[in-house]
1. What strands (runs of 3 or more DSSP E) completely inside region A:304-370 contain at least 3 residues that are at pLDDT 80 or above and crowded, with 16+ Cβ neighbours inside 10 Å?
2. Can you pull out the residues in region A:181-225 that are more than 30 Å from residue A:134 (Cβ to Cβ) and either surrounded by fewer than 19 Cβ atoms within 10 Å (Cβ to Cβ) or modelled with pLDDT under 85 (or both)?
3. Say we look at region B:8-25 and pick out the residues that are part of a helix (DSSP H, G or I) and either touching a helix residue (DSSP H, G or I) at 6+ places or on another chain (Cβ under 6 Å) or within 7 Å of another protein chain (Cβ to nearest Cβ) (or both); which of these is farthest from residue A:6 (Cα to Cα)?
4. I'd like to verify a number: residues in region A:24-52 that are under 15 Å from residue A:14 (Cα atoms) and at pLDDT below 65, how many?
5. In region A:185-222, what count of residues is obtained for those that are in contact with a strand residue (DSSP E or B) (Cβ under 9 Å, 6 or more places away or on another chain) and part of a helix (DSSP H, G or I)?
6. Restricted to region A:87-104, and to residues that are more than 7 Å from chain B (Cβ to nearest Cβ) and in contact with a strand residue (DSSP E or B) (Cβ under 8 Å, 6 or more places away or on another chain), which residue is modelled with the highest pLDDT?
7. With at pLDDT 95 or above and touching a helix residue (DSSP H, G or I) at 6+ places or on another chain (Cβ under 9 Å) as the only criterion, which of B:112, B:118 stands out?
8. If only one of B:28, B:79 is farther than 30 Å from residue B:134 by Cβ and more than 11 Å from chain A (Cβ to nearest Cβ), which one is it?
């Protein structure tokens, strides 16, 4: 395979400047304050992407994924390392960047196409296609400031996908327009993939990455922490998110609750071994799922609840229940208390699942979770 | 069929070299690639220039006529206030032609410098999202200023011919292009330098306004060189001639202000102006190198 994008040991730092005017910086210098803080957005990142691949960049906000995309696009320059590409590159980073509200749709198509790197004769050739794809031929000669926001992005998207790139960089823009138009956009992306174009996609939508990409890179704090097929990579991201969400909720709930409890252990179907935090449990359709565990209550806790939620690795809810819904009278929990919940004859599809177990007090505030 | 399309694309790409993105270039060796990149996007430059021109007067009933109103009103004010009240027109024959020659060229300079200064920040949306040779933005500001000057110049030439004061054709042959080019290179060089500086420090655009106001009065537009030479010592006069716009304006006046043919001008005016032009070219080279260094961080600073 030919690699079309090669990122070698790239580091990118940002200076977070606190001031933007002469007066402020004079004062800052006079007071002996540092004018900026350094922040490492990407730390020694190396990746290679082959021709025809579709790669998703995922990660929490501020993890450096958009920075990486901009470095590939040449919009930012690396502080260290090299970024090299092969072939024609186009970026779908922000739709309608360069649209001028006072110009007509037609004028903006030519201007935008030129910004994206099409020559005038190429634009002439594609013009009818672009208008056709946008689905708003009747408005092409009116000024774009009179367009609805939907029409605006449709026209912008239509221009962008006609640029004929070898490499397409996409940043969070696939979800534009109404549903039929979104279907059209996805069709276009699939067509690009069939034509062997390389796509690099930054998205917060796990579903989108799973649908489009053959590979996903998870970035966290400026480093690539996972490079795997989307299902695995997104699972990892999901777990990291889950931890962060849980930690945040746990902290706030603990402050709100007068009770303290700990999940000492949780086991799935008897005899299942646990390795590196993952249960080695394979169920066939129709099998039972047994979730059992031991809770240690520090103080007597009336009407305690256990909640069990099963999700896909992408974060979709499969099913869940708790002792409140099941109308189980738990009584007062005190000291070490075992529990056992059985989900009889499950009918779940093939795939990996995540089981979340929570202990709550009577008001539903989380005391502990696994 | 689609697979063969993919294969042929991969096949073609395998023959293309890997090219480094956002490569840092040397001080001397970077000039040619930079200007070549701008030349490669000349179609876009033209479109952006046209956008500037069109968008400025779109939706106004008088449209382009507005670009004439400002200098004409200025002309009227200076003609009345300075020419009549202060009596400058007594020592400057054909005062209206004299002022308009200077105003037109000065307008080219201010338009270039002030629109170029804000051009990069004004196009933040594009700069943050798409890779382009960023020199295009100040250059498109220069383009639209030049377009306006074209109109002004036609008016000036018509006025000279219709009022019967005429044009000194022989002088015009060297003076008009030299004055225009000198103004352009200085305006572009300053504009490019200031555009990059403005990204990091927004005070620049306000500083520019003040600077241009001072510059206006340091240039013989509403008063003549004769008055300066008469009032100031030779040292000051020499310093005054260090202003490239003074030289450019006086050169243009040689051509269009026929009534002033007998008025004194600095010795070696054509040569001095040529020198200013050459110095402007040098400055433009430096300004572009500075711009090129600064633009590497535009996307994150803007």
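The values are calculated or read from the model by the stated rules, or taken from the named source; none is laboratory data. Small disclaimer: the values here were computed from a predicted structure and weren't measured. Every residue, glycine as well, gets a Cβ built from its backbone with ideal geometry; the counts of neighbours run over all protein chains shown.
1. Because the criterion is at least 3 residues that are at pLDDT 80 or above and crowded, with 16+ Cβ neighbours inside 10 Å, the strands (runs of 3 or more DSSP E) in region A:304-370 that meet it are A:305-312, A:332-343.
2. A:215, A:220, A:221, A:223, A:225
3. Only one residue tops the list, namely B:9.
4. Matching residues across region A:24-52 total 3.
5. Of the residues in region A:185-222, 8 are in contact with a strand residue (DSSP E or B) (Cβ under 9 Å, 6 or more places away or on another chain) and part of a helix (DSSP H, G or I).
6. Among those residues, the one meeting the criterion is A:104.
7. After ruling out the rest, the residue left standing is B:112.
8. B:79
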